[in-house]
Each structure stands twice: as structure tokens, then as C-alpha cells.
Amino acid sequence: MKHIPFFHKIVVIIVVLNLTSCCSSTEDTILLNEETLEWKTDDPPKSNFTMIDNNGISQIFTLKSNRQYFIKSTSSSFCSESILNEEHVYQKYVSDFGNQFQISLTTAFDNTGDDIYIVCAKTGFGYDSKNKVLNRINTPFGNYGQSFNPDGTYRKVLSSTVKILGNYSTSYHDYEQVMCFELKDYKNKWTNNLVTKIYVAKRIGLIKYELNNGIYYERK
């Protein structure tokens with residue numbers, strides 16, 4: 001009888017070892033779509049570009065942050081662990097006027113496509129690359145996102161628009177594959193200096209933006 005407790009301990013250890021050996025761990029990596037990555041600029045570190053307005057006033061945007069990285073997340077259940085690595089891109093330019101231009105690329109979620117998020121001087125918008133839909137806007141006075149129908153499709157409640165133009169010309173250059181965003185929501189709150197239109201070219205970045213007061217900047 002004195003040996004029974006020790007035997008029980010042996011059994012418990014064996015059971016634990018068996019359970020541990022049955023545990024599993026999986027790791028997946030989600031990459032950005034190649035077409036999504038085309039909206040990332042090809043600029044080297046600390047590079048800059050000049051924007052000139054229709055009155056001849058110029059400002060210089062300098063690349064301050066340029067990151068392409070993975071975000072790791074872990075989920076666990078009984079004796080099982082899943083690791084997910086998701087690719088992200090973040091680029092930020094700052095002008096000598098203090099204006100910022102940002103590009104954020106995020107991998108797809110559920111039934112949506114990769115998220116392309118652009119910000120220019122405090123006006124931002126998100127674009128679902130798979131469904132080719134504007135999914136949200138961000139402004140100094142409010143944020144607004146598309147809602148979903150029961151079947152998972154977008155309800156399209158935003159008045160603002162995004163178009164992909166095959167060709168677009170400014171006073172200085174001709175471009176191919178240009179994303180054109182036009183803000184149409186919150187019009188009763190607009191200020192004179194609010195950015196209402198943003199033009200971004202693949203691999204190049206910001207090529208033009210327009211203010212509510214009629215001033216527009218073009219890339220030289």
C-alpha cells in the first residue's frame with residue numbers, strides 16, 4: 001500500500017507527457033498582394049520631392065519613415081497554438097510646411113481585400129483592393145466608415161469616392177495608374193484649407209492634392 005501513491009504519480013507524469021507530445025503548433029504568414037505593393041513608393045531613405053501650387057509656392061516633402069515588416073499574433077486553445085505573421089508597409093513624408101503624406105498597406109481581413117490607407121494633410125481614406133471600394137474616410141472633424149450588409153458586402157453609405165485612372169496628367173508629368181480620392185462627406189464642416197482631392201500614382205506616391213479654397217499642389 002505504501003507504493004500506491006508513488007505509482008499514481010508515475011501515471012500522472014506519463015499522462016502529462018503523452019498530452020504534451022500531442023500538442024501542436026502551426027505558423028502561417030500572410031503576404032500583401034503584389035498589386036497592393038505597387039502602391040508603395042520606390043523612394044530611397046531620406047529622399048524628397050517638391051509640390052508646387054497654382055500660385056507658384058512650393059513645399060518639399062521628405063521621406064521620414066519607410067518600413068516593411070511583419071506583425072506577429074498568437075492564439076491558443078487546449079494543447080494547440082497558432083502563430084500568424086501579417087505583412088505591413090508604412091511610409092511617411094513630412095513637408096517643410098509641416099504637412100504629412102502617409103501610405104499604410106495592411107493584409108486582407110475576412111472577405112475584404114488588402115487595405116490601402118492614404119493620408120494627406122489630415123485628410124485620409126481607406127480602399128479595399130479586392131472589392132475596389134472606398135471603405136472609410138478620416139478628417140479633422142470626423143471619421144466615417146462603410147457599413148456591411150448581412151451577406152458581408154459593403155452597404156456603400158459614403159458619398160466620397162475613389163477612382164483608379166489609367167492615365168492622368170498634371171502640369172509637369174504624365175502618369176499611369178493613378179488613385180483619385182474626392183471627399184464629399186461632411187460638407188457643412190469644411191474649412192478653406194481642407195484637402196478635398198488626393199491623387200496618388202503607383203510606385204511614385206503623391207502627385208497632386210487640392211484644397212477647398214481652390215488652391216492645388218502638383219508634383220514637380
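Solvent-accessible surface of protein heavy atoms, probed at 1.4 angstrom with all chains present, puts Ile60, Ile198 in the order Ile60, Ile198, largest first. Dividing the Cα convex hull volume of the chain by residue count, how many Å³ per residue is that? Spread over its residues, the Cα hull of the chain gives 190 Å³ apiece.
For the stretch 74-147, the set of chymotrypsin sites (Phe, Trp or Tyr not before Pro) satisfying both a DSSP loop assignment and a count of at most 11 other C-beta atoms within 10 Å is given as Phe78, Phe141. Relative to its residue count, the stretch 80-170 spans a Cα convex hull of 166 Å³ per residue. Over the chain, dividing the summed -39,500 (n - 2.57) contributions of all DSSP H runs of at least 4 residues by the number of residues returns a 222 nm mean residue ellipticity of -3000 deg cm²/dmol. Computed over protein heavy atoms with a 1.4 angstrom probe, the accessible surface ordering of Arg155, Arg219, largest first, is Arg155, Arg219.
Using a probe of 1.4 Å on the protein chains alone, the accessible area found for Leu211 is around 30 Å². Carbon-plus-sulfur accessible fraction, the chain (probe radius 1.4 Å, protein heavy atoms only): 52%. GNM remark for the chain: springs join alpha carbons under 10 Å apart, and the peak mean-square fluctuation among Gly126, Gly145, Gly113 falls on Gly145. In this structure, Leu31 and Glu81 have a Cβ-Cβ separation that, at R0 = 25 Å, corresponds to a calculated FRET efficiency of about 0.70. Please work out whether the stretch 16-115 counts as rounded, prolate or oblate from its C-alpha gyration tensor, where a ≥ b ≥ c are the square roots of the eigenvalues and a/c under 1.5 means rounded, while otherwise a/b larger than b/c means prolate and anything else oblate? Prolate shape, in that a/c is at least 1.5 and a/b is the bigger ratio. In a fully extended conformation the segment linking Phe141 and Asn55 would gain 28.2 nm over its present Cα-Cα distance, using 0.36 nm per residue.
For the stretch 183-220 versus the stretch 84-100, the spacing of their alpha-carbon centroids is 18 Å. Summed over the residues of the stretch 6-219 and divided among them, the accessible surface reaches 56 Å² per residue at a probe radius of 1.4 Å. Computed from the C-beta positions of Arg155 and Asn213 and an R0 of 35 Å, the FRET efficiency is 0.60 to the nearest 0.05.
Sparsely packed loop sites in the stretch 41-72 (the trypsin sites (Lys or Arg not before Pro) outside DSSP H, G, I, E and B with at most 14 other Cβ atoms within 10 Å) comprise Lys46. Of all lysines in the structure, those lying under 29 Å Cα to Cα from Lys46, and not within fewer than 8 positions of it along the same chain, are Lys64, Lys72, Lys92, Lys122, Lys197, Lys202, Lys208, Lys220.
With axes computed from alpha carbons, what is the tilt in degrees of helix 4-22 against the longest principal axis of the chain, rounded to the nearest 10 within 0 to 90? With rounding to tens, the tilt is 30 degrees.
For the pair Lys184 and Asn48 in one chain, pulling the backbone fully straight at 0.36 nm per residue adds 45.9 nm over the alpha carbon distance.
The values are calculated or read from the model by the stated rules, or taken from the named source; none is laboratory data. The structure presented is a predicted model; accordingly, all values stated were derived computationally and were not measured. We place every Cβ from the backbone using ideal geometry, glycine too, and count neighbours over all the protein chains shown. With ligands, DNA and RNA removed, areas are computed over all heavy atoms of the protein, side chains included. Shrake-Rupley method; radii C 1.70, N 1.55, O 1.52, S 1.80 Å.
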